[in-house]
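I have placed the structure first, in the form of structure tokens, so that the comments after it can refer back to it.
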Amino acid sequence: MNHKRTRYQHGSLTTEKRKNGPNVYVFRWRQSTASGRTKQCKVILGTVKDLSKTQAQKKADQYRQLAN
């Protein structure tokens, strides 16, 4: 039996604290480079005050299509 760690193939949506201002929603994913290595990418979707979690997930879906 071969056990492997689960990968975030569809990216992940998290919140991050900021030094100043409200927390922000961040979408993270991994992208393959031309040399065969993987590169971690992230994009800030908006602040927790401006977006609900559902709205942030809808924005993340747009980036999910680009990542896959």
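The values are calculated or read from the model by the stated rules, or taken from the named source; none is laboratory data. All values reported here derive from a predicted model rather than from experimental measurement. Glycine gets a Cβ as well: all are built from the backbone with ideal geometry, and neighbour counts include every protein chain shown.
Against the condition surrounded by 11 or more Cβ atoms within 10 Å (Cβ to Cβ) and at pLDDT 95 or above, how does Gly46 come out, does it pass? First the steps, then the outcome.
Values: surrounded by 11 or more Cβ atoms within 10 Å (Cβ to Cβ): yes; at pLDDT 95 or above: yes.
In short, yes.
Every residue, every condition in (1) modelled with pLDDT of 95 or more; (2) among the small types (Gly, Ala, Ser); (3) out of contact with any strand residue (DSSP E or B) (no Cβ under 7 Å at 6 or more places or on another chain), yes or no:
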| site | (1), (2), (3) |
| --- | --- |
| Gly11 | no, yes, no |
| Thr14 | no, no, no |
| Thr33 | no, no, no |
| Thr38 | no, no, no |
| Cys41 | no, no, no |
| Gln62 | no, no, yes |
| Asn68 | no, no, yes |
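Does Leu66 satisfy the condition of being over 10 Å from the mean Cα position of the chain (by Cα) and exposed (fewer than 14 other Cβ atoms within 10 Å of the Cβ)?
Here the answer is yes, as Leu66 does meet what is asked.
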